[in-house]
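Novice: Following this message is one structure expressed as structure tokens.
The values are calculated or read from the model by the stated rules, or taken from the named source; none is laboratory data. Just so we're clear, the structure is a prediction, and the values are computed from it rather than from any experiment. In this analysis, Cβ positions are derived from the backbone assuming ideal geometry, glycine residues included, and neighbour counts consider all displayed protein chains.
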Amino acid sequence: MQAEKAKANEPNQTDAPPRASEQNGPDEARAPSAAQTTPEVAAHIVGLSKSFKGTQVLDDVTFDVAEGESLVLLGASGSGKTTILRIIAGLEEPNTGRIVLHGRDVTELPARERGVGVIFQDYALFPRMTVEKNISYGLRIRKRPRKEIKETVARLLTLVKLEEHRKKYPAQLSGGQQQRVAIARTLAYQPQVLLFDEPFGALDAQTRVRLRREIRALLREIKVPAIFITHDQEEALELGDRIAVLHSGRLEQIGTPDEVYNRPETEYVATFLGAANLLVGVVYHGAVEIGTAAIPARAETERFRDGQSVKLVFRPEDVVLSETGTLPEGVRRLTNGIIEEINFVGAYERLTLRLDLIARQTQAEEPPLYNVTINTLDRRIGVPIIVTRPKPDANVARLQVGLRVAVGLKLFRVLPNFTLASERGSKSVDMRG
């Protein structure tokens, strides 16, 4: 494995084309707004598929990474994110698909000829070399001029803020400092794409938060495209210009952190990336009916037919509660509910609320929790949801357990209900990751 890491971190730059950031800029006649400027594609990943011993781990994965962009591949263990990174680095061969870096197809090239730098979780530093010798290692084995090596090391030490530690050995450094040495050593090769393999997994929580902010700032400065892999949702939201959510070898959704978090395209994305409430209902005349409750959703239900079973998905922070029954303008009323539990969690308040519904319990063999089917037999049951309120709101309008409140939604998504395609009902899931 150590040999693989060394090979991945020794790209041959002689055949590598210049990065887009080193070429001419966009047409000066155009306004310099992000909306009008399209970044050049640095990495084009096309139709990657991979199987191990008959088990499909990647299934037709395609995405692009723009010049200077940070893309995070987010997924649970076994989602395929590590396999993608290894294929891009040249440490694994795909069954099908192509890897194109800065317009050059590198699919058939060995790792050292791809112009890719990999930062592994364990950093792979040489323990008996000082910081400056670790950074200069690749340049020395290529027999670069001493002056060039000295200037490169000095520049990188300044860049990663380790000038005072140049003579230290890895064991004398903190985890965060070792991470920065690994990054500097990789940058010495002038890679065209950086790959980060769960780079913060071995660090304590405080160091993790600080270091990922430092790396984010560093990447913005050097403008080298980067691909991170992680299972940490908070890390993905903070690091990525865009996030690609993977599930069982498939790309579920790719978009900006705002798009993926606030406009999830699948139930998996909604529940994996943060907490989410899901209510199963049916579309009828521009609304979603959930038991006796109905929420206006004409724009959100345009793509569905009347009678189609759907899932109403919303974040705990997008729920608005009103003791008086009057909801603010722009908030759509869902139903009433009773507060069952209130917990104070630092900067916010977390409530468990049981919604009023009139329904009949489903048959015992139907596995999903809290599913209910509407019937002429009226049986009042409550469906729990999770609500969060920031501290200022909680201090202004204090609520009590047992209080009945009106429930409205500021933001929600309507998704097809593939698992309960013919049912009316409701479901609530609190998925915290």
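Novice: What number of residues within the range 195-227 are within 24 Å of Leu101 (Cβ to Cβ) and either acidic (Asp, Glu) or touching an Asp or Glu at 6+ places or on another chain (Cβ under 8 Å) (or both)?
Specialist: Applying the first criterion (within 24 Å of Leu101 (Cβ to Cβ)) to the range 195-227 yields 195-199, 215-216, 218-227.
Now drop any that are not either acidic (Asp, Glu) or touching an Asp or Glu at 6+ places or on another chain (Cβ under 8 Å) (or both), which leaves 197-198, 216, 221, 223, 225-226.
Number satisfying all stated conditions: 7.
Table: residues versus (1) in contact with a Leu (Cβ under 9 Å, 6 or more places away or on another chain); (2) at pLDDT below 95; (3) β-branched (Val, Ile, Thr).
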{"residue": "Ala31", "(1), (2), (3)": "no, yes, no"}
{"residue": "Thr37", "(1), (2), (3)": "no, yes, yes"}
{"residue": "Gly90", "(1), (2), (3)": "yes, no, no"}
{"residue": "Asp105", "(1), (2), (3)": "no, no, no"}
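Novice: Looking at the range 376-392, I want the residues that are in the same structural domain as Glu349 (by the TED database) and polar (S, T, N, Q) and have a partner that is surrounded by 11 or more Cβ atoms within 10 Å (Cβ to Cβ) and at pLDDT 95 or above with Cβ atoms under 7 Å, at least 6 apart or on another chain. Which pairs are those?
Specialist: Qualifying pairs under 7 Å: Thr388/Pro316; Thr388/Glu317; Thr388/Glu349; Thr388/Arg350.
Novice: Starting from the range 109-129, keep only residues that are more than 23 Å from Lys167 (Cα to Cα) and in the same structural domain as Asp197 (by the TED database), then list their pairs with residues that are buried (at least 23 other Cβ atoms within 10 Å of the Cβ) and hydroxyl-bearing (Ser, Thr, Tyr) whose Cβ atoms are within a distance under 8 Å, requiring at least 6 positions of separation or different chains.
Specialist: What qualifies is Gly117/Thr186; Val118/Thr186.
Novice: Can you work out which of the residues in the range 264-297 that are in contact with a Lys or Arg (Cβ under 6 Å, 6 or more places away or on another chain) and surrounded by fewer than 21 Cβ atoms within 10 Å (Cβ to Cβ) is nearest to Lys410 (Cα to Cα)?
Specialist: Pro296
Novice: Continuing with this model, one more query. Return the total of residues in the range 43-66 being buried (at least 17 other Cβ atoms within 10 Å of the Cβ) and at pLDDT below 95.
Specialist: Number of matching residues: 0.
Novice: Any residue that is touching a residue at least 12 places away in the same chain (Cβ under 8 Å), of a type in the set (Lys, Arg) and closer than 28 Å to Ile45 by Cα - is there at least one of those in the range 179-200? Walk me through how you get there before you give the answer.
Specialist: Applying the first criterion (touching a residue at least 12 places away in the same chain (Cβ under 8 Å)) to the range 179-200 yields 179-200.
Remaining after also requiring of a type in the set (Lys, Arg): 180, 185.
Now restrict to residues that are closer than 28 Å to Ile45 by Cα: 180, 185.
Taking every residue of the range 179-200 in turn, at least one turns out to be touching a residue at least 12 places away in the same chain (Cβ under 8 Å), of a type in the set (Lys, Arg) and closer than 28 Å to Ile45 by Cα.
Novice: Right, next: Please indicate, with yes or no, whether at least one residue in the range 360-382 is of a type in the set (A, V, I, L, M), at pLDDT below 50, outside any loop (DSSP other than H, G, I, E, B) and farther than 24 Å from Leu273 by Cβ. Even if it seems obvious, please write down each step before you answer.
Specialist: Here is the first cut: in the range 360-382, the residues of a type in the set (A, V, I, L, M) are 364, 369, 372, 374, 377, 381.
Add one more test, that the residue is at pLDDT below 50, and what stays is 364, 369, 372, 374, 377.
Filter once more, so that each one left must be outside any loop (DSSP other than H, G, I, E, B): 372.
In the following step, the residues that additionally are farther than 24 Å from Leu273 by Cβ were identified as 372.
Yes, the conditions are met somewhere in the range 360-382.
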